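Worksheet: the structure to be examined is printed underneath.
The values are calculated or read from the model by the stated rules, or taken from the named source; none is laboratory data. Remember, predicted model here, so these are calculated numbers, not experimental data. No Cβ is skipped: glycine too gets one built from the backbone with ideal geometry, and neighbour counts run over all protein chains shown.
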Amino acid sequence: MTKSAKIAISLPESLLRDIERECEARQETRSEFLRHAVEAYLRKEREREMEAQYIRGYLEMPETEEEVEWVQAVGLAALAQEPWEWEEDEST
């Protein structure tokens, strides 16, 4: 198991009441609830940063017209290999 450390934080009483209600509803301890909340927040921030990096990279080096045409051609070739037979609706 991962080593844990105890910390002390100060929260507004209204926020603590909200946390307590959530803990009761989820049947979690405060520590579990706060750990899950922090993990979710950090995961979301990492995802947001990865998305920002992707966007920056795309803006710095967008695909060329040739690359777009190649992707379209490959997609159309793949679609052309599909049978595309429609089944008639028996209710009509």
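Observations
- Residue pairs whose Cβ atoms lie under 8 Å apart, sitting 6 or more positions apart in sequence or on different chains, and linking a residue in region 34-51 that is touching a residue at least 60 places away in the same chain (Cβ under 8 Å) and loosely packed, with under 10 Cβ neighbours inside 10 Å to a partner that is assigned to a helix (DSSP H, G or I) and of a type outside the set (A, V, I, L, M), do not occur here.
- Looking only at residues of region 68-86 that are modelled with pLDDT under 95 and of a type in the set (D, E, K, R), we find that the one that is surrounded by the fewest Cβ atoms within 10 Å (Cβ to Cβ) is E85.
- Breaking point among (1) at positive phi; (2) more than 27 Å from the chain's Cα centre (by Cα), for A78: (1)
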